[in-house]
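Chemist: Supplied in structure tokens, the structure appears directly below.
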Amino acid sequence: QMRTTRKVSVWPVGLVGGRRYERPVVENGKVVGWYTGWRADRPFAVDMAGFAVSLQVILSHPKAVFKRRGSQPGMQESDFLKQITTVEELEPKANNCTKVLVWHTRTEKVNLANEPKYHLDTVNIEV
């Protein structure tokens, strides 16, 4: 699905942020918010594995940089994406962000400390 990215596309990521998954919330084909376990107020509350950028966008924004240093913790994705797009321009993939096709994996026990007991997602996603 990344191949069809025109500008910047997004999708859910499994086993991230202390949750079973995090995802962009999509209404009428547009990203309108974030289902996340950590700092939902971020401009782009998306994991590194949860977006793709077309090469044309990269080439048309030669001053856009992905900061290894200088970003607040967890803000690298937002700091980068703010330079090249807006939330309104995001292209939801994975069946309007209702399917997990990517997992954030580590060789350690999964931490689900931020998995909510209440206020569950409105979409039932299998992880």
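Chemist: Among Leu101, Leu55, Leu15, which one shows the highest mean-square fluctuation when the chain is modelled as a Gaussian network with alpha-carbon springs under 10 Å?
Modeler: Greatest mean-square fluctuation among the candidates belongs to Leu55.
Chemist: Okay, moving on. Under a Cβ-Cβ cut-off of 11 Å, what is the net charge of the residues other than Thr36 that fall near it, where Lys and Arg count +1 and Asp and Glu count -1?
Modeler: So the surrounding residues net to 0.
Chemist: Here is a follow-up. Loop by DSSP (not H, G, I, E, B), at most 12 other beta-carbon atoms within 10 Å: where is the longest site-free stretch of the chain for trypsin sites (Lys or Arg not before Pro)?
Modeler: That gives 7-62 as the longest site-free run.
Chemist: Let me ask another. Cα convex hull of the chain: how many Å³ per residue?
Modeler: 119
Chemist: A follow-up question, please. Pick from Gly14, Gly33, Gly70: which residue has the top mean-square fluctuation in a GNM of the chain where Cα pairs under 10 Å get a spring?
Modeler: Gly70
Chemist: Still on this structure, I have one more. With a 1.4 Å probe and every protein chain kept in, tell me what percent of the accessible surface of the chain is carbon plus sulfur.
Modeler: Answer for the chain: carbon and sulfur cover 51 percent of the accessible area.
Chemist: Can I ask one more? Residues of region 1-126: accessible area per residue at 1.4 Å, in Å²?
Modeler: It amounts to 64 Å² per residue over region 1-126.
Chemist: Between beta-carbons, use under 10 Å as the cut-off and find the net charge around Glu126, counting Lys and Arg +1, Asp and Glu -1.
Modeler: Charge balance in the 10 Å sphere: +2.
Chemist: Which of the pairs Lys30/Lys82; Lys7/Lys99; Lys67/Lys117; Lys30/Lys109; Lys82/Lys109 have their Cα atoms more than 26 Å apart in this structure?
Modeler: Table pairs above 26 Å Cα-Cα are Lys67/Lys117; Lys30/Lys109; Lys82/Lys109.
The values are calculated or read from the model by the stated rules, or taken from the named source; none is laboratory data. Keep in mind that this is a model prediction, so the values were computed, not measured. Glycine also receives a Cβ, built like all others from the backbone with ideal geometry; neighbour counts cover every protein chain displayed. Side chains included, ligands, DNA and RNA excluded: accessible areas come from the protein's heavy atoms. Shrake-Rupley method; radii C 1.70, N 1.55, O 1.52, S 1.80 Å.
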